[in-house]
Structures are given as structure tokens and as C-alpha cells.
Amino acid sequence: MNEFELKFEIPAEHLPQILAAVHAKKAQLEILQDCYFDTKDGALAKHGLVLRMRKKNGDWIQTAKSITNDPLDRLEHNVKVSKLKPSLPKILSPNTETPGMELESKMPVIDLSRHADEKIGQLIFNALNIKPDGLFPSLMPWYETDVQRLKFLVNHKGSSIEIALDQGMVVSSGRSTALCELEIELIKGNPEHVVELARTWCANHGLWLSTISKSMKGQRLHDQLVFPQLSHEAESFKHPKNGQQMVKAVFQSCLNQILPNASEIASGSQNTDHVHQLRVGIRRLRTAINELNKLAEGIDPAWEIPLMDAFRALGKHRDDDLLTRALQPQLAVEGGPNINTQRIGDDILDLKSIVQSPTFQDNLLCIIAYLHSSHLNGADGQKEKFKPENVEKILSKRFNQLHTKILKKGKKFHTLNETEQHSVRKLFKRLRYLAEFSTHIFSISASATKRLNNFIAHLKPVQDALGFYNDELMALKTYRKLAVKDKRAWFGAGWLSARREANAKKSQQEIDTFIKKTNKNKWFWQ
């Protein structure tokens with residue numbers, strides 16, 4: 001069984017309002033006590049799997065969960081277990097020596113065989129390398145949660161939806177952290193209706209979407225981690241049968257990069273990797289909104305505005321980090337003064353507020369709703385218009401347009417003004433992301449795949465050169481601004497000014513090389 005659920009973090013100042021709203025719905029109180037299990041080396045967690053035993057109003061329920069390609073969707077299997085402690089299955093007895101664990105000694109024994117006939121069971125068996133008729137590995141409790149849940153059902157446009165306010169604690173090895181979440185889960189019906197309700201709750205109470213589950217919080221508490229290092233690997237899109245499937249896969253891929261990193265920043269992370277990955281995800285999504293809008297109906301160009309605002313605000317953090325981490329040490333080696341490049345007063349960036357902003361959060365929910373809309377899920381009347389051969393023609397036309405603009409502007413990059421140079425850089429980024437999005441559309445043969453991969457590879461040195469040029473140009477502007485209050489900043493401004501011409505020439509050389517190499521052979525979209 002798959003569950004669709006949106007989980008939101010609650011600002012402390014809005015909790016009384018939410019409690020009042022929940023009590024007004026005559027919410028039912030549930031006491032949930034969960035104990036989460038894993039092997040000693042955390043094999044389940046490494047494979048995105050969760051195994052827990054829950055005590056719910058006196059009953060015991062064993063649950064296995066797995067992440068899917070959608071961070072808002074979970075594969076889940078629940079088994080009600082006898083209240084009496086059963087005889088031990090073919091598994092070593094769980095470790096009961098972990099300090100701070102109160103629930104585990106009173107519960108039934110965890111038994112992997114309860115999930116054996118389900119898809120999630122096979123995932124667990126594969127992760128733990130369990131052979132047919134083989135012994136199960138020893139499992140031990142890693143962390144517990146103790147939650148008071150107030151829940152009620154809503155019938156919205158024919159869909160049955162559960163809204164639950166969870167308050168409690170996560171405990172592991174004597175350490176604990178508080179929980180305060182609102183979950184909106186689809187029981188039966190349309191995921192779009194869940195998103196509609198969520199938008200109302202967010203607008204009224206300042207909630208922000210989070211993909212950090214209770215199990216993830218427990219895992220981090222066990223490992224004594226605050227924020228994990230998140231990275232993004234280019235996803236391999238399945239062969240789309242039409243434009244709708246391509247758009248859905250691309251948008252989902254972008255959200256898979258945006259949502260986890262946005263969740264970390266909204267929770268307080270200022271990690272450079274989180275900021276970078278979120279900005280890349282936003283840039284990819286903006287490209288998809290602009291470049292794929294002829295492949296499926298319903299793409300709203302207005303979605304780009306909040307994305308662009310957040311992207312620019314987060315870019316200031318990246319620029320500041322570059323100055324502090326890279327340029328200032330480099331200037332010190334050159335004999336430059338050690339000046340304070342940190343923002344002060346009104347210029348100080350609040351990363352949390354950027355991501356938690358109602359406009360940004362509502363925009364994410366609109367895009368999530370679109371992924372589950374009829375526009376992308378086989379609505380009648382769209383199949384012929386967006387069939388594969390038409391998709392290829394539409395994309396080929398767009399590749400030709402982008403490439404023509406690059407040829408026209410790129411050949412004279414060195415002579416362009418700053419605004420026009422920046423537009424060239426954006427053209428190259430769009431070309432790269434669109435090529436990555438289109439991989440399976442044009443990979444119809446080994447030779448076509450090779451041409452596409454070579455094309456993307458030729459883009460990299462151009463983007464590196466243009467990115468370096470842009471970074472130092474932004475730094476130059478910052479040092480000039482700093483020099484108004486601190487004359488010592490003119491050293492950095494002068495040093496960067498002296499490098500600007502060489503950086504522009506290097507960018508021009510890489511652009512010329514790209515044009516020469518890609519003009520030798522037939523382009524992959526032709």
C-alpha cells in the first residue's frame with residue numbers, strides 16, 4: 001500500500017491557534033508509542049527502510065515503510081500483532097540494553113516474516129541479504145517516539161482526508177528532541193484535494209512543508225547528527241510514452257531535489273551544500289516550466305516568480321560564502337588586508353525565512369498539486385496532441401532556437417555588456433538542463449546516445465568558465481560596495497578588476513571550442 005501524506009512543521013507562536021482549530025473539529029485523541037528497529041550497522045536506514053512496532057491505544061502494530069521516487073509518497077505495510085508476547089521467531093532476540101528505551105521490553109517481538117509476502121518485505125530481505133529459508137539478522141531498537149495525536153477526518157470534494165496534530169518526543173540513548181507536526185494524509189480519493197486543504201492550513205497558520213519524518217529525526221538523534229549532507233545525482237528518467245509523462249518525470253525529479261534541501265534550511269541549516277542543491281533544483285524547475293510548457297497543459301508561468309525570488313535571495317548567501325571561504329584567503333596570500341565581508345543590519349540573510357515564506361511554500365504546494373492533476377495523469381483529449389513523435393518535434397525546435405541564440409551571442413561574448421553576458425550564461429544552463437531532461441527522447445540508438453552525452457560533456461567546460469567569470473564579477477561588485485565603508489576593500493576590488501579581462505577571454509575560448517566541436521557532427525536532436 002502506498003500512502004500520500006503532506007507533513008508540516010508548526011511555528012511555536014501558531015500552535016495555540018492550531019490547537020483551537022483542531023479541538024473545534026472534535027478531534028480524537030490517540031496515544032502513539034513507537035519503537036524503531038534496525039541492524040547494528042543500520043542496514044535498513046541505509047536503504048531508506050523503516051521498521052517499527054507501535055503501541056496504539058493498547059494495540060500493537062508492526063509497520064514497514066520505504067521511501068519511493070516521490071518524497072511525499074511512502075510504501076507501507078501494517079500488521080496488527082497480538083497483545084500477548086509471542087514465542088520467538090527464527091531471529092535472534094533484540095538487544096534490550098540501549099539506555100533510554102522503555103517501550104521495547106514490553107512489546108511483542110519484532111518479526112520480519114510478517115512482511116514476507118509484500119513488496120516492502122522483499123525490499124527488506126534484499127537490503128539485509130536474507131536468503132530463502134535463511135536466518136533473520138539480529139535487530140535492535142534504535143530510537144523511540146512518544147506522541148499524543150489529535151486527529152479528525154474531513155470529506156473534501158468526495159475525498160476522505162485525515163488531519164492529525166502530533167506533539168511529543170523522540171528519544172534515543174538518553175537524548176531527546178521535541179516533535180510538533182501537522183500531517184494531512186489521503187485516506188481515499190484524490191491527492192489534489194489533500195493539497196487544497198494543505199494550502200488553506202499553511203495560509204492560515206504559517207506552516208512549512210517538511211520531508212523530515214519522525215524516523216529521520218530519530219535516526220539523526222541516534223547518530224547525533226543535526227543536518228545531513230544531501231547530494232543530488234542526475235536521475236535516470238524512464239522512457240516517457242508522451243509529453244505528459246516526460247513533464248511529470250522532470251517536475252518530480254526537480255521536487256525530489258528541492259523539497260529535502262528546503263526542509264533542512266527551513267529547520268535551521270545554513271549548510272552551503274543544502275543551499276547549493278536547493279538553488280540547482282530551483283534552476284532546473286524554472287527551466288522545466290519555461291522549456292516544457294508545450295508538452296503538457298496546465299503549466300502556470302506564474303510559478304516561476306516565487307522560485308526566482310527565492311533563488312536570488314539564496315544566491316546572496318552563496319556569494320557571501322564564496323567571499324569568506326575562497327576569495328578572502330586567496331587575497332590574504334596576495335598580501336591583501338583581512339576585512340569583514342559579513343552582512344550587517346538589514347543586509348543579514350535569514351535563510352529560514354526565505355524558505356518558510358508563505359509565497360514560496362504555497363508555490364511548492366501548487367506544483368505538487370499539478371503533479372497529481374489530470375493534466376499529467378492521462379486526461380482524455382490530450383493523448384494525441386502530446387504523443388512521442390510530437391514531443392520530439394517540439395523539443396527539436398526548441399533546441400534549434402537555443403542553439404541559434406548561443407551561436408549568435410556566444411561568438412561575441414567578449415564584447416557584450418554584463419547583462420548580455422549573463423543572458424548567454426543562462427542560455428547555456430537552459431541548454432544543458434533541457435538536454436538532460438530529454439535524454440530518453442533522443443536516445444533511440446547507441447550512436448544517438450553517444451552524441452547526446454558528448455554534447456552535454458562539451459557544455460561542462462563552458463559552464464565552468466562562465467560560472468567562474470560570474471562569481472568573480474559578483475565579488476567585484478561586493479568589494480566595491482564594501483569599500484564605501486572600509487577603504488581596505490579596494491585591494492580586493494582592484495585585484496578582481498585586474499583578472500576580469502582574462503576571465504572573459506577564457507570564457508570566450510571555451511564558447512568557441514564548444515561551437516567548433518558541436519558543429520563538427522550532426523546534433524543529437526536532428
First in segment 331-342 and in contact (Cβ under 8 Å) with a residue 60 or more places away in the chain, second anywhere and of a type in the set (D, E, K, R) and open to solvent by less than 60 Å² (accessible area, probe 1.4 Å), Cβ under 6 Å, 6 or more apart: I339/D486
Residue check, S267 exposed (fewer than 14 other Cβ atoms within 10 Å of the Cβ) and within 29 Å of Q252 (Cβ to Cβ): no
Need pairs with beta-carbon distance below 9 Å; first residue closer than 11 Å to A435 by Cα and part of a helix (DSSP H, G or I) and within segment 453-469, second of a type in the set (F, W, Y) and open to solvent by 20 Å² or more (accessible area, probe 1.4 Å); sequence gap 6+ or separate chains. F455/W523
Is one or more of the residues making up segment 492-509 surrounded by 16 or more Cβ atoms within 10 Å (Cβ to Cβ) and either under 26 Å from F251 (Cβ atoms) or modelled with pLDDT under 90 (or both)? no
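Residue-by-condition table, conditions (1) open to solvent by 50 Å² or more (accessible area, probe 1.4 Å); (2) over 26 Å from the mean Cα position of the chain (by Cα):
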residue: P137; (1), (2): no, yes
residue: Y143; (1), (2): no, no
residue: F152; (1), (2): no, yes
residue: Q167; (1), (2): yes, no
residue: S172; (1), (2): no, yes
residue: I184; (1), (2): no, no
residue: V195; (1), (2): no, no
residue: W201; (1), (2): no, no
Per the filter on segment 284-318, residues open to solvent by 40 Å² or more (accessible area, probe 1.4 Å), in contact with a helix residue (DSSP H, G or I) (Cβ under 8 Å, 6 or more places away or on another chain) and of a type in the set (D, E, K, R) are R286, K294, D300, D309, R318
Please verify whether segment 286-302 includes one or more residues that are of a type in the set (K, R) and touching a Phe, Trp or Tyr at 6+ places or on another chain (Cβ under 6 Å). no
Select from segment 439-461 the residues that are among the aliphatic types (A, V, I, L, M) and surrounded by 14 or more Cβ atoms within 10 Å (Cβ to Cβ) and write down the one among them that is nearest to P240 (Cα to Cα). I441
Can you name every residue in segment 345-375 that is outside any helix (DSSP H, G or I) and either open to solvent by 10 Å² or more (accessible area, probe 1.4 Å) or at pLDDT 95 or above (or both)? I348, L349, D350, S357, H372, S374, H375
Take S396 and tell me if it is at pLDDT 90 or above, more than 30 Å from F524 (Cα to Cα) and of a type in the set (S, T, N, Q). no
Just to be sure I understand the filter: pairs with C-beta atoms under 7 Å, separated by 6 or more residues or on different chains, first member in segment 64-83 and outside any strand (DSSP E or B), second member hydrophobic (A, V, I, L, M, F, W, C). Which pairs pass? T68/L75; P71/L259; L72/F4; L72/L6; L72/I368; K83/W60
May I ask you to verify whether E510 is in a helix (DSSP H, G or I), more than 18 Å from V462 (Cβ to Cβ), out of contact with any Ser or Thr (no Cβ under 8 Å at 6 or more places or on another chain) and among the acidic types (D, E)? no
Of the residues in segment 58-77, those that are within 24 Å of I184 (Cβ to Cβ), crowded, with 18+ Cβ neighbours inside 10 Å and at pLDDT 80 or above come to T63, A64, K65, S66, L75, H77
Taking only pairs six or more apart or across chains, which ones have beta-carbon atoms under 9 Å, a first residue in segment 126-139 that is on the phi > 0 side of the Ramachandran plot, and a second residue that is of a type outside the set (K, R) and surrounded by 11 or more Cβ atoms within 10 Å (Cβ to Cβ)? N129/A43; N129/P137
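The values are calculated or read from the model by the stated rules, or taken from the named source; none is laboratory data. In this text the structure is predicted, and so the values were computed from the model without any measurement. Reconstructed Cβ throughout: ideal geometry from the backbone, glycine too, with neighbour counts over all protein chains shown. Ligands, DNA and RNA are stripped out before the accessible areas are found, and what is left, the full protein with its side chains, is counted by its heavy atoms. Shrake-Rupley method; radii C 1.70, N 1.55, O 1.52, S 1.80 Å.
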